[in-house]
Amino acid sequence: SNEFLNIGVGARAHAMAGAVHASVNDANAAYWNIAGLSYVKNPLQLAVMHTEWFGGVGKFDHISVSKAFNPEKGRVGSLSLIRFGIDQIPNTLNLVAPDGSIRFENVSEFSAADYALLVSYASAIGEILKDKSLRFGGNIKIIRRLIGPFAAAWGFGLDVGLLIEKP
C-alpha cells in the first residue's frame with residue numbers, strides 16, 4: 001500500500017538517487033528528514049514538483065510550504081501535499097445495455113489517486129553553533145486513497161527525524 005510515498009520529491013534528491021537524508025535543508029525536508037526543516041531561514045519557502053510516469057499515464061505532484069517561526073532557534077513548520085494519480089480511466093461497466101447492445105454514451109471516466117498530507121514541525125535543540133547542533137523534527141501523515149466511485153481508504157502515520165552536526 002502507499003508505495004507512491006517511495007518515489008521521492010525534489011529535483012536535487014532525484015539527481016542524487018535519494019541520498020539527501022543528511023543534507024536536505026529546504027521545504028523538501030518534510031519528506032526526506034523532518035529535522036532538516038530547522039535549517040530553513042526564509043520567512044516562507046515553497047517547493048513544487050510535477051513528474052509523469054509510464055509515458056504520461058501516471059502523474060506525481062508535490063507541493064510544500066514551510067514557515068520559519070523562529071529562524072535563530074531553527075523552529076520551522078511545514079505543510080506538504082503529495083498526489084500520485086492515474087486519470088481518465090474508462091469505466092465500461094455500463095457499456096453493454098441489458099438488451100445486449102453496445103452503448104458508448106454509457107462509458108464514463110474515473111481517477112485512481114493516492115494523496116498524502118504531511119503536517120511537520122522541526123526545531124534545533126539547545127544552542128546552534130557554526131558547525132555543531134542537534135536538530136529534531138516530526139510530522140503527522142494523513143493518507144487518502146480514492147479509486148473512482150469504487151473504493152476509498154484512509155491511513156495515518158507519524159515520522160520523526162534527527163540530525164546531529166558535529167565538527
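The values are calculated or read from the model by the stated rules, or taken from the named source; none is laboratory data. Treat the numbers as computed from the prediction; the structure is a model and nothing was measured. As a convention, Cβ positions derive from the backbone with ideal geometry for all residues, glycine included, and neighbour counts pool all protein chains shown. These accessible areas exclude ligands, DNA and RNA; they are computed on the full protein's heavy atoms, side chains included. Shrake-Rupley method; radii C 1.70, N 1.55, O 1.52, S 1.80 Å.
What to note about this one:
- Between the exposed loop cleavage positions of the chain, defined as chymotrypsin sites (Phe, Trp or Tyr not before Pro) in a non-H, G, I, E, B DSSP state with at most 14 neighbouring beta-carbon atoms within 10 angstrom, the longest gap is 55-149.
- Measuring nothing but how far apart in sequence close Cα pairs (under 8 Å, 6+ apart) lie, relative to its length, segment 68-167 scores a relative contact order of 24 percent.
- In a reduced charge model with +1 at each Lys and Arg Cβ and -1 at each Asp and Glu Cβ, the chain shows a dipole moment near 700 debye about its Cα centre.
- Label-to-label distance, nm, for residues given as L95 and E109 (7 Å Cα→Cβ offset): 1.6
- Theoretical FRET efficiency, 1/(1+(r/R0)^6), r = Cβ-Cβ of R12 and D159, R0 22 Å, to 0.05: 0.60
- For Cα extents along the principal axes in Å, the candidate list reads [x] 78, 28, 26; [y] 86, 35, 25; [z] 44, 41, 35; the entry that matches the value derived from this model is [x].
- Over segment 1-65, relative contact order from alpha-carbon pairs under 8 Å, at least 6 apart, %: 25
- Taking label points 7 Å from Cα along the Cα-to-Cβ direction, L79 and K132 give a separation of 3.9 nm.
- Computed over the chain, relative contact order equals 19 percent, with contacts defined as Cα pairs under 8 Å that lie 6+ residues apart.
- Positive-end ranking of F136, A27, A17 along the dipole of the chain, with charges on Cβ about the Cα centre, is headed by F136.
- Taking every protein chain into account, the 1.4 Å probe leaves S120 with about 10 Å² of accessible area, to the nearest ten.
- Highest mobility in the GNM of the chain, judged by mean-square fluctuation with C-alpha springs under 10 Å and restricted to K73, K132, K141, is found for K132.
- Listed pairs K59/K141; K67/K166; K41/K130; K41/K166 exceeding 18 Å between Cα atoms: K59/K141; K67/K166; K41/K166
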